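Just dropping this structure here.
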Amino acid sequence: MRVLVAVKRVIDYNARVRVKPDKSGVDLKNVKMGMNPFCEIAVEEAVKLKEGGSASEVVAVTIGPKAAGDTLRTALAMGADRGVHVLEDGEVQPLAVAKLLAALTRREEATLCMLGKQAIDDDSNQTGQGLAGLLGWPQATFASKVVVDREAGRASVTREVDGGLETLSLKLPAVITADLRLNEPRYATLPNIMKAKKKKVDTVTAQELGVDITPRLKLVKVEEPAKRQAGVMLSSVKELVDRLRNEAKVI
Amino acid sequence: MDHSPKGEPTTCNSTQGWSPGVVIVTSFCSWHLGFIRDLEEWKDLLETLRLAGKELLSQGVHPVVLNCPHRIQWTDSNETWAEAQLNSLRYNRLLTEFAQQPPWRLLNLHALMAACGNECNKDRVHARPPVYDAAVQPDDLSHSEDFSLSDDTLEFKRMADAFARQELAPNGAAWDAGHIFPLDTIRAAAGLGFGAMYVPEDVGGSGLSRLDAAVVFEELSYGDVPVTAYLSIHNMVAGVIDRYGTPQQREMYLPRMATAEVLASYCLTEPGSGSDAASLKTTAKRDGDDYVLTGSKAFISGGSVSDLYLVMARTGAPGPKGISAFLVEKGAPGLSFGKREEKLGWNAQPTTAVIMDGVRVPARARVGVEGQGFAIAMAALDGGRVNIGACSLGGAAFCLDAAARHARERRQFGRPLADFQATQFRLADMATALHASRLAVRHAARALDAGAPQATMACAMAKRLATDACYDLTNDALQLLGGYGYLKEYPVERYMRDLRVHSILEGTNEIMRVIISRELERLGGV
Ligand SMILES: Cc1cc2nc3c(=O)[nH]c(=O)nc-3n(C[C@H](O)[C@H](O)[C@H](O)COP(=O)(O)OP(=O)(O)OC[C@H]3O[C@@H](n4cnc5c(N)ncnc54)[C@H](O)[C@@H]3O)c2cc1C
């Protein structure tokens, strides 16, 4: 079973997000970038599936500019077997990403697609769902536990839902998106980082894959949340009631 | 219980869809939970609220808990990313349970805020200036990116940075306060390849260059200085065994040193010989196929916890040529350790005397030939100085980031400290000092990799410059934090204490000047 795992290069989860003065987006100049944390979890799970004997090969895919090659290398250092880099400098929206991944899934004859549930930059939470739709495959999103039964050709996926845990049984091939508590991604070791360099990475373009990635959505503007005034400390419940009644006039 | 603000009161002008008389209490978004350090404190807070709720009800006001379901956010407490997620889930559960019992009612904050045209906001109310937390905050200032680093080196750097922030930084304060030597963390670090970095892969090493290692040590020490410094000494001894050891010694020790199953210390200094190391008195007397070692070593980092001791001892005449190097295993009869020294810093690793009273080792425990010991010890220190310089860089980088953040957030005279030109100039000087130190350290590492004739001088210069400048930087950072800098709650003082010794050990900075002058003479530079 071949697992395709998608990884996205995003602004580091610790980095301070600054909106560009012209409100056209987030300023990514001189900002630390790294693999989307949910993608790391997806890679970890795919590598675990391989280590556990359920998967035979893990192919990591990234879509983005040349710099996204770093993210692919991180996935290879974590244990993916080879990489595919869809080289695109411009904006690639979730639907286009899903289409590109669908094309690659077919080309690579993958049986399982592992993705993060969302990327922490746009928080779109659409790609996995879109991919499953395009492929006509079953999907399990927000996975917190994945068990693959290779013989039966099925995957059992536990999801964290508001009321508790939900377990789905999917027929493979399928798409699974990773939630936070699925696993704790490993650190790549120094020797594996060096070995990653020797792993094969194919570079393709959307055009070569025959996918139209023209943006369908137009970004109107990006703004920082309004700054609010600091709160005040009140000394007693009495004072609180008084203020709410006479000052805020909400009771 | 500390009654500093735990959350930002949210007032809502529209009470649309709500019966009058409802009080909106506060948003318990995990952005705000940063003020609550543990579940116990959280329970305390809920108990206070429960009592307040009763009082409110008695005044005809219905108390309501507003719960922000944000979970995937950070808290300010000392926890890893994953822990933060789990904890915020636990906090939310406790709150939900609490709000299911009268007098409180639970409402979803986001829904209400949306109804009021507002949105969840991560700006927080602070009783004290926030503590810079490397595990969760970016390093905006300390990174003067070296564009000459290879992709590989950058990848090692990223990984070391993640490890430092997630595994070291959250624990540094506790290790310091409790004088804890964190063996598990050191083994975890070795599991990633940090145990024998510049040892080849045939014996389990990582096969990195000195430059790579310097970059890694810098990143690691951002999270914790003494643990990284201990690793650097362990790596130094591994380097000696690799370079000067017999094939048997390499096989016997290096694979286990790479995994940190065997930890190593370097023993040169004696009570009577510090800077004048060549005057050491410990003797190794040949006795048939063995040597018998007698004497004592002082100030040994890792003394009593390390498994293997590289001991310099006299086998011949006085002076440097009469010294040989030996590998002594812990447990050898006659080997004992002094008390753990009480120190200003470096508390996460013990420093003890190593006492040898007729310790018998086989001749094959000698490293190199007889009389080569001092040369080996000095060559090891060239690399050691790059490493210790790198450890200073990481500590200073942390303090620079902490100071810069503090300057932005702390307001006096109606504006952030960062608005005063004096602050800006100080930060500019700190960043410049760090940058210059970093260049010197990386250049010295490159000189070692290249086997350049200037390597010894470059290492001495880098160590002298970086350790002094970085210590001064930590002191400047402390000054910028004002009184808070003096408190242990703010980690700058710990980094300052930890960095102080770097100007003393692996050759004092005065001895660095002695070496630099000697090398200048030798190289015909003056
Ligand atoms: C926490 C800690 C850990 C250590 N770990 C180790 C270890 O693992 N292994 C090890 O072997 N040693 C270790 N040391 C010892 C350290 O290397 C020595 O302390 C150092 O070399 C200085 O020696 P000394 O303390 O005897 O000082 P001294 O040599 O007595 O020096 C005292 C002062 O005189 C100055 N001085 C001396 N000679 C000259 C000169 N010719 N010109 C100008 N100034 C001079 C020195 O610079 C210093 O300022 C450690 C020390 C500390 C504090």
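Out of the residues in segment B:173-203 meeting the condition of being touching a Lys or Arg at 6+ places or on another chain (Cβ under 8 Å) and farther than 16 Å from B:Pro491 by Cβ, tell me which one is nearest to the other protein chains (Cβ to nearest Cβ). Spell out how you get there, then give the answer.
Narrowing segment B:173-203 to residues touching a Lys or Arg at 6+ places or on another chain (Cβ under 8 Å): B:173, B:176-177, B:179, B:198, B:203.
In the following step, the residues that additionally are farther than 16 Å from B:Pro491 by Cβ were identified as B:179, B:198, B:203.
On the way: B:His179: 27, B:Tyr198: 11, B:Val203: 12 Å.
Filtering segment B:173-203 for residues that are touching a Lys or Arg at 6+ places or on another chain (Cβ under 8 Å) and farther than 16 Å from B:Pro491 by Cβ, the one nearest to the other protein chains (Cβ to nearest Cβ) comes out as B:Tyr198.
Here is a further query. Tell me, which residue of segment A:1-16 that is touching a residue at least 60 places away in the same chain (Cβ under 8 Å) and within 13 Å of chain B (Cβ to nearest Cβ) is nearest to the chain's Cα centre (by Cα)? Explain how you work it out, then say what you get.
We begin by selecting, within segment A:1-16, every residue touching a residue at least 60 places away in the same chain (Cβ under 8 Å); these are A:1-11, A:13.
Of the ones still in play, those that are also within 13 Å of chain B (Cβ to nearest Cβ) are A:9, A:11, A:13.
On the way: A:Arg9: 9, A:Ile11: 12, A:Tyr13: 12 Å.
Among them, the one singled out is A:Arg9.
Then there's this: For segment B:256-282: of the residues being among the hydrophobic types (A, V, I, L, M, F, W, C) and near the ligand (Cβ under 8 Å from one of its atoms), which is farthest from the other protein chains (Cβ to nearest Cβ)?
Out of the qualifying residues, it is B:Ala277.
Per-residue answers, yes or no, for (1) in contact with a Phe, Trp or Tyr (Cβ under 8 Å, 6 or more places away or on another chain); (2) closer than 24 Å to B:Leu465 by Cβ; (3) more than 14 Å from the ligand (Cβ to nearest atom); (4) charged (D, E, K, R):
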| position | (1), (2), (3), (4) |
| --- | --- |
| B:Glu341 | yes, no, no, yes |
| B:Glu370 | no, no, yes, yes |
| B:Ile388 | no, yes, no, no |
| B:Asp401 | yes, yes, yes, yes |
| B:Ala431 | no, yes, yes, no |
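Looking only at segment A:151-169, count every residue that is within 17 Å of A:Gln129 (Cα to Cα), open to solvent by 10 Å² or more (accessible area, probe 1.4 Å) and either among the acidic types (Asp, Glu) or more than 14 Å from chain B (Cβ to nearest Cβ) (or both) and tell me the total.
Number satisfying all stated conditions: 5.
Sticking with this one: Quick check on B:Val328: is it of a type in the set (A, V, I, L, M), assigned to a loop (DSSP other than H, G, I, E, B) and within 16 Å of the ligand (Cβ to nearest atom)?
no
Next question, about the same structure. How many residues are more than 24 Å from B:Met257 (Cβ to Cβ) and of a type in the set (A, V, I, L, M) if we restrict to segment B:299-340?
Qualifying residue count for the region: 1.
The rows are residues; the columns are (1) at pLDDT 95 or above; (2) within 29 Å of the chain's Cα centre (by Cα); (3) open to solvent by 10 Å² or more (accessible area, probe 1.4 Å).
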| residue | (1), (2), (3) |
| --- | --- |
| B:Ser304 | yes, yes, yes |
| B:Pro318 | yes, no, yes |
| B:Pro333 | yes, no, yes |
| B:Leu344 | yes, yes, yes |
| B:Thr352 | yes, yes, no |
| B:Gln372 | yes, no, yes |
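Mind checking whether some residue in segment B:448-463 is at pLDDT 95 or above, open to solvent by 10 Å² or more (accessible area, probe 1.4 Å) and either among the acidic types (Asp, Glu) or within 17 Å of B:Tyr222 (Cα to Cα) (or both)?
Yes, segment B:448-463 contains at least one residue that is at pLDDT 95 or above, open to solvent by 10 Å² or more (accessible area, probe 1.4 Å) and either among the acidic types (Asp, Glu) or within 17 Å of B:Tyr222 (Cα to Cα) (or both).
For every residue, the table says whether it meets (1) assigned to a helix (DSSP H, G or I); (2) within 12 Å of the ligand (Cβ to nearest atom).
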residue: B:Met461; (1), (2): yes, no
residue: B:Cys470; (1), (2): yes, no
residue: B:Thr474; (1), (2): yes, no
residue: B:Gly485; (1), (2): yes, no
residue: B:Lys488; (1), (2): no, no
residue: B:Arg494; (1), (2): yes, no
residue: B:Leu505; (1), (2): no, yes
residue: B:Met512; (1), (2): yes, yes
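In segment B:204-219, what residues are over 28 Å from B:Glu251 (Cβ atoms) and either more than 14 Å from chain A (Cβ to nearest Cβ) or among the hydrophobic types (A, V, I, L, M, F, W, C) (or both)? Before you say what the answer is, go through the steps one by one.
Residues of segment B:204-219 over 28 Å from B:Glu251 (Cβ atoms): B:215, B:218-219.
Scanning segment B:204-219 gives B:Val215, B:Glu218.
Restrict the check to segment A:23-39 and report whether at least one residue is away from chain B (no Cβ under 14 Å) and crowded, with 19+ Cβ neighbours inside 10 Å.
Scanning segment A:23-39 turns up at least one residue that is away from chain B (no Cβ under 14 Å) and crowded, with 19+ Cβ neighbours inside 10 Å.
In addition: Contact list please: Cβ distance under 6 Å, first residue in segment A:68-81 and among the small types (Gly, Ala, Ser), second residue open to solvent by 30 Å² or more (accessible area, probe 1.4 Å), pairs at least six apart or on different chains.
Matching pairs, first to second residue: A:Ala68/A:Arg9; A:Ala77/A:Asn192.
So, one more: Report whether or not B:Glu519 is within 16 Å of the ligand (Cβ to nearest atom) and either of a type in the set (Asp, Glu) or over 24 Å from B:Ala134 (Cβ atoms) (or both).
Here the answer is yes, as B:Glu519 does meet what is asked.
Within segment A:128-187, can you find the residues that are acidic (Asp, Glu), within 16 Å of A:Gly52 (Cβ to Cβ) and in contact with a strand residue (DSSP E or B) (Cβ under 9 Å, 6 or more places away or on another chain)?
Matches in segment A:128-187: A:Asp149 only.
The values are calculated or read from the model by the stated rules, or taken from the named source; none is laboratory data. A quick note: this is a predicted structure, and the numbers were derived from the prediction, not measured. Glycine gets a Cβ as well: all are built from the backbone with ideal geometry, and neighbour counts include every protein chain shown. Side chains included, ligands, DNA and RNA excluded: accessible areas come from the protein's heavy atoms. Shrake-Rupley method; radii C 1.70, N 1.55, O 1.52, S 1.80 Å.
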